[in-house]
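Report on the structure given below.
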Amino acid sequence: MTDPRQRPRRGQGELEALVLSALREADGPATAGWVQERLGGDLAYTTVITILTRLLGKGAVTRERVGRSFAWTPASDQAGLAAHKMRKVLDAESDREAVLASFVTGLGPDDERLLRDLLDQAHGEGED
């Protein structure tokens, strides 16, 4: 039988998104305690620290020493974090061409058009 006090387990990505969202709402750098409080105290302080440390490793947040603890600032938004994950997956594969080809052939017409426009802009070809 399951313990009725036990909350459903959230995925790591969901917790990271919640913490990043809270940090984006801050007026400036925020402490882990502030983030925990902002999230309603639902997460243990140590869990918030663990998530912030993982986000730091991913380049999604920065931190600065404030007294004996740290103040945290978001370094990227959700799109930046998703792009980082995509690059990490791509970098882990030995055949980058095959991975990119598979990705591109799976795009729908609207996404394909958007990707072409973004590539043109990145290379300066989309400018008049």
Expected output for the range 79-90 (first residue farther than 10 Å from residue 58 by Cα, partner open to solvent by 70 Å² or more (accessible area, probe 1.4 Å) and part of a helix (DSSP H, G or I), Cβ below 7 Å, 6+ apart or cross-chain) is 90/96
Restricting attention to the range 90-128, the residues that are exposed (fewer than 11 other Cβ atoms within 10 Å of the Cβ) and within 30 Å of residue 22 (Cα to Cα) number exactly 1
Picking from 83, 75, 26, 44, the residue that is open to solvent by less than 70 Å² (accessible area, probe 1.4 Å) and in contact with a strand residue (DSSP E or B) (Cβ under 7 Å, 6 or more places away or on another chain) would be 75
> Out of all the residues in the range 48-71, is one or more open to solvent by less than 70 Å² (accessible area, probe 1.4 Å), of a type in the set (Lys, Arg) and more than 18 Å from residue 26 (Cα to Cα)?
Replying inline: yes
Over the range 52-71, the set of residues in contact with a helix residue (DSSP H, G or I) (Cβ under 8 Å, 6 or more places away or on another chain) and either modelled with pLDDT of 95 or more or not in a helix (DSSP H, G or I) (or both) is 52, 58, 59, 60, 61, 62, 63, 69, 70
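The values are calculated or read from the model by the stated rules, or taken from the named source; none is laboratory data. Given the structure is predicted, the values throughout are model-derived calculations rather than measurements. Heads up, the Cβs are rebuilt from the backbone with ideal geometry, glycines too, and the neighbour counts pull from every protein chain shown. To get the accessible areas, we keep the full protein, side chains included, count just its heavy atoms, and leave off ligands, DNA and RNA. Shrake-Rupley method; radii C 1.70, N 1.55, O 1.52, S 1.80 Å.
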